[in-house]
1. Which of the residues spanning region 173-184 are farther than 22 Å from SER97 by Cα and within 18 Å of the chain's Cα centre (by Cα)?
2. Looking at (1) over 23 Å from TYR200 (Cβ atoms); (2) open to solvent by 20 Å² or more (accessible area, probe 1.4 Å), can you tell me which one PHE5 breaks?
3. If TRP53 satisfies all but one of (1) over 17 Å from the mean Cα position of the chain (by Cα); (2) closer than 16 Å to ASN76 by Cα, what's the number of the condition it fails?
4. Checking the condition within 17 Å of PRO82 (Cα to Cα), touching a residue at least 40 places away in the same chain (Cβ under 8 Å) and hydrophobic (A, V, I, L, M, F, W, C), which residue from ALA50, ALA33, ALA39 passes?
5. For region 134-143, what are the residues that are in a helix (DSSP H, G or I) and either on the phi > 0 side of the Ramachandran plot or surrounded by 12 or more Cβ atoms within 10 Å (Cβ to Cβ) (or both)?
6. For THR73, state whether it is more than 16 Å from the chain's Cα centre (by Cα), among the polar types (S, T, N, Q) and within 26 Å of SER150 (Cα to Cα).
7. Could you tell me whether ARG40 is basic (Lys, Arg) and open to solvent by 80 Å² or more (accessible area, probe 1.4 Å)?
8. If you go through region 81-126 one residue at a time, how many are outside any loop (DSSP other than H, G, I, E, B) and either in contact (Cβ under 8 Å) with a residue 12 or more places away in the chain or buried (at least 22 other Cβ atoms within 10 Å of the Cβ) (or both)?
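The values are calculated or read from the model by the stated rules, or taken from the named source; none is laboratory data. Just so it is clear, the model here is predicted, and its values are computed rather than measured. Note that we place each Cβ from the backbone using ideal geometry, even for glycine, and neighbour counts take in every protein chain shown. Side chains included, ligands, DNA and RNA excluded: accessible areas come from the protein's heavy atoms. Shrake-Rupley method; radii C 1.70, N 1.55, O 1.52, S 1.80 Å.
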Amino acid sequence: MPLHFLSPISQTCVLGLWHLTETAPELWPLLPAQAHYLARFPDGRDELRARQWLAGRALAHQLLQELNDTPATLHNDPNGRPYFPELPAAGVSLSHSGEWVAALLSTREAVGIDIELVRPKAQQLARRFLSGTEQADAGDDAAKYCLYWSAKETLYKLHSRRGLVFKEQLLLTPFELREAGVLTGHLLLENSRSQHQIHYLRSIPGYVLTYAIGEVVSL
């Protein structure tokens, strides 16, 4: 199977990337508790989306085996965030874009991850999700627009709250684009605010990957 890599982030957290080349019939046998996932398999998705869904869950179980041997099945909470009910302290996050699937699992903390194909769409929609300061910082750099979008998606997943306004409540400090680095993210809520480190990688040509680890702590 094209598991691209498993990377330990800490003793309790691991990141995984999957290069998606399999068909859906090839992915199904990689899932434990197939009846559970068959009952939750999303109807009406196109062939690529179906393969991404299956590979994401197969990858989540691969990560779980690295950290914990407890048999578990992946569910989704009312906000859509995946979780293992057998491991209530664990945090799980999944993402996919094109032929890549990413997952992050911690046995102790909330997590968020996002992978994005670099394309003009992020720049075209920038006014909807970037503040004026963020747009000025991104300039004409397509990769930077995608990285801003990906980092905000990661912060959104970390918090798991519907209705957040990306350009007003999820803000990033301007940064110099590198092959890898750490962004400073700010979550602004009605009665609190918090600051988070969002790591990013550009090791896959044409894609950006971001992830964050840790409970949301108010400042």
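1. Our first condition is that a residue be farther than 22 Å from SER97 by Cα; within region 173-184, this holds for 173-176, 184.
Across region 173-184, the qualifying residue is only THR184.
2. (1)
3. It is condition (1) that TRP53 fails.
4. Values: ALA50 fails: touching a residue at least 40 places away in the same chain (Cβ under 8 Å); ALA39 fails: touching a residue at least 40 places away in the same chain (Cβ under 8 Å).
Exactly one of ALA50, ALA33, ALA39 is within 17 Å of PRO82 (Cα to Cα), touching a residue at least 40 places away in the same chain (Cβ under 8 Å) and hydrophobic (A, V, I, L, M, F, W, C), namely ALA33.
5. Initially, region 134-143 is screened for residues in a helix (DSSP H, G or I), giving 134-138, 142-143.
Residues satisfying the conditions are GLU134, GLN135, ASP137, ALA138, ALA142, ALA143.
6. Details: more than 16 Å from the chain's Cα centre (by Cα): yes; among the polar types (S, T, N, Q): yes; within 26 Å of SER150 (Cα to Cα): no.
For THR73, the condition - more than 16 Å from the chain's Cα centre (by Cα), among the polar types (S, T, N, Q) and within 26 Å of SER150 (Cα to Cα) - is not met.
7. Values: basic (Lys, Arg): yes; open to solvent by 80 Å² or more (accessible area, probe 1.4 Å): yes.
Judged against the criteria, ARG40 is a match.
8. Within region 81-126, the subset outside any loop (DSSP other than H, G, I, E, B) is 82-83, 91-97, 100-106, 111-117, 121-124, 126.
With either in contact (Cβ under 8 Å) with a residue 12 or more places away in the chain or buried (at least 22 other Cβ atoms within 10 Å of the Cβ) (or both) added as a condition, the list becomes 82, 91-97, 100-106, 111-117, 122-123, 126.
Total satisfying the criteria: 25.
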